[in-house]
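What follows is a structure written as structure tokens; I'll ask about it next.
What follows is calculated from the coordinates using simple rules that are stated; it is not laboratory data. Remember, it's a predicted structure, so these values are computed and weren't measured experimentally. So basically every Cβ, Gly included, is an ideal-geometry build from the backbone, and we count neighbours across all protein chains shown.
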Amino acid sequence: MLLLVAGVAVASAAAGVLGERWWRARASPLLPPDIGAIRRRIDVRVAAHEAGHAALAWTSPFTVRVAEVTIAARGEAGGLTIYHASCDPHAATGPRGIGALWYTTAINLGGIAGELLTHDKVRSGHSAPDLREARAHAERIVALGGAAACPWPATDEPRLDVAAMFVDRPPQEVERVLSASYARARSVLLRDRARFDALVALLLARETVVEREMEQALGPRQRLRV
């Protein structure tokens, strides 16, 4: 879900957000209260989604530096998580190898995990690019023979049927990688729920949070416990 722009990797536009852009436009204070309430609910969802991506990247044991997280609409995107190009997990210059691919898949699914911590269901249009990239990374893991090399211990977290979110269900091995990656993303966010909530609140207050400000919510960046 990322594009390389001016030295940073930018999350690509999520399909179907034109309506959200209209509601979320920072319009006149004369807007009716119900429109303001709708806009606020959308902001909370987008903040939870982007905070999920950012928190998973922040705790990755690989060099994945988040440059900026925003819930401000840019182009067609309702929100963006922006990485430094030199260590973008999705770019050619990013971390390589099966282990890095596993963590990148979890980062891809962190947005969905974040949404499902705060909402009953995921907005499919906003998550479509994440699912495409997660599947591509999972297929790469399987192709490299790394499907059995999951770097995380088993978790008791309920496993979302990620494969059911695709029009064409992925093969079983790919499905297992996606399921394990989502379970990891959810368990990390639940383990540090207070920090995740703090980042969501910071995004709602400031709209855009840069790398140095993320420490206010997430604390100093450290290696993930595995």
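Neighbouring Cβ atoms within 10 Å as the yardstick, rank 58, 152 fewest first. All intermediate terms of the calculation are to be shown ahead of the outcome.
On the way: 58 28, 152 17.
Lowest to highest Cβ neighbour count: 152, 58.
Separate question: I need 98, 71, 107 ordered by Cβ neighbour count within 10 Å, fewest first.
Result, fewest neighbours first: 98, 71, 107.
With labels modelled as points extended 7 Å from the Cα through the Cβ direction, what inter-label distance (nm, one decimal) is found for residue 167 paired with residue 193?
In this crude label model, residue 167 to residue 193 measures out at 3.7 nm.
Over the Cα atoms of the range 126-226, compute the convex hull volume and normalise it per residue, giving Å³. Don't skip to the answer; put the middle values down first.
On the way: hull volume 13.4 nm³, N = 101.
Output value, Cα hull per residue: 132 Å³.
How far apart, in nm, are two points set 7 Å out from the Cα along the Cα-to-Cβ line at residue 119 and at residue 149?
My value for the distance between the label points is 3.6 nm.
Determine, from the Cβ-Cβ distance of residue 216 and residue 74 and an R0 of 25 Å, the FRET efficiency 1/(1 + (r/R0)^6), rounded to the nearest 0.05. Spell out each step's value before the answer.
Details: r = 23 Å, r/R0 = 0.92.
The calculated FRET efficiency here is 0.65.
Could I ask something else about it? Using the number of other C-beta atoms within 10 angstrom as an exposure proxy, rank 59, 208, 105 with the fewest first. All intermediate terms of the calculation are to be shown ahead of the outcome.
On the way: 59 24, 208 15, 105 27.
Fewest-to-most ranking of 59, 208, 105: 208, 59, 105.
Could the peptides 182-189, 210-217 be put in order, highest first, of the mean number of other beta-carbon atoms found within 10 Å of their residues? Write out the running numbers ahead of the final one.
Numbers: 182-189: 24.1, 210-217: 15.2.
Per-residue mean Cβ counts within 10 Å order the peptides as 182-189, 210-217.
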